[in-house]
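Report on the following structure.
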Amino acid sequence: MSRTRYLAVAALALGVASPAMANDVADGQVVFKQMCSACHTATAGGKAGVGPNLHGVVGRKIGSAPGFKYSKPLTADAAAGTKWTRESVSTYLAAPQKAKPGTSMMIAVKDEAKRAKLVAYLNSLK
Ligand code: HEC
């Protein structure tokens, strides 16, 4: 294995963000402020607003933020113990009503690049 390749693999193994990933997180935070913060907080222990707190949402059980009354489909996912993944959050953001028919989240993020940045940002909140 070349040295560069080895370092890249080591960085991945350690979970160290590459500069490109760090940019996505920073960009995602900007997009989040513009498109999501009217309804969602993203800080640890942040309050529920129109939508639930999103700190640590990637890897968290769907529909499980405290102090928020979820719609039926998300409540059903919570009961089943299903967790959000980067992929499922992205699919949900692309078309919430298609991914989770009956969800009370109406806003869709059609732009794939914006969605990738948002997911990188949400994934960084741990
Ligand atoms: C107009 C208000 C509103 C906006 C803007 C909004 N959301 Fe939501 N969001 C909601 C509501 C309400 C829910 C709860 C959905 C349900 O119970 O079906 C939700 C749920 C979610 C969930 C699932 C949370 C969980 O605990 O399972 C994610 C992820 C999410 N939103 C991400 C986003 C992102 C990212 C943005 C910005 C692109 C955004 N939302 C913008 C209202 C909003």
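Each value in this text was obtained by applying a stated rule to the coordinates, not by laboratory testing. The structure displayed is predicted, hence computed values, not measured ones. Because the Cβ atoms are built from the backbone with ideal geometry, glycine has one as well, and the counts that use them run over all protein chains shown.
Provide the per-residue ³J(HN,Hα) series for region 24-29, in order, calculated from phi with Karplus coefficients 6.51, -1.76, 1.60 and θ = phi - 60°, each as a whole number of Hz, with x at glycine and proline positions.
4, 4, 5, 5, x, 5
Kindly give Rg over Rh for the chain, based on alpha-carbon atoms, with the Kirkwood expression for the hydrodynamic radius.
1.02
When the Karplus curve 6.51 cos²θ - 1.76 cosθ + 1.60 is applied with θ = phi - 60°, which whole-Hz ³J(HN,Hα) does each residue of region 93-104 get, with x for Gly and Pro?
5, 5, 7, x, 5, 7, 6, 9, x, x, 5, 8
Between Ala22 and Ala94, what is the spin-label point distance in nm, taking each point 7 Å from the Cα along the Cα→C-beta axis?
3.0 nm
At Glu87 and Ala48, where each label point lies 7 Å from the Cα along Cα→Cβ, what is the point-to-point distance in nanometres?
Taking the two extended label points, one gets 2.9 nm.
Using modelled amide H (1.01 Å from N, peptide plane; none on Pro or chain starts), what sits under 5 Å from the amide H of Lys83, excluding residues fewer than 5 places away?
The answer is Ile62.
Hey, what number do you get for the chain at 222 nm if only DSSP H runs of n ≥ 4 count, each worth -39500 (n - 2.57), divided across all residues, to the nearest 500?
Mean residue ellipticity, 222 nm, calculated: -15000 deg cm²/dmol.
Length gain on complete extension for the stretch Ala38 to Lys110, per 0.36 nm per residue less the alpha carbon to alpha carbon distance?
24.1 nm
Just to confirm the number: angle between the C-alpha axis of helix 3-14 and the first principal axis of the chain, 0 to 90 degrees, nearest 10?
For helix 3-14, the angle is close to 30 degrees.
Say a paramagnetic label sat at a point 7 Å from the Cα of Ala79, along Cα to Cβ; which residues of region 39-69 have their backbone N under 20 Å from it?
61-69
Cβ neighbours within 10 Å, averaged per peptide: list 105-111, 37-43, 50-56 in order, most packed at the top.
Highest to lowest by the protection proxy: 50-56, 37-43, 105-111.
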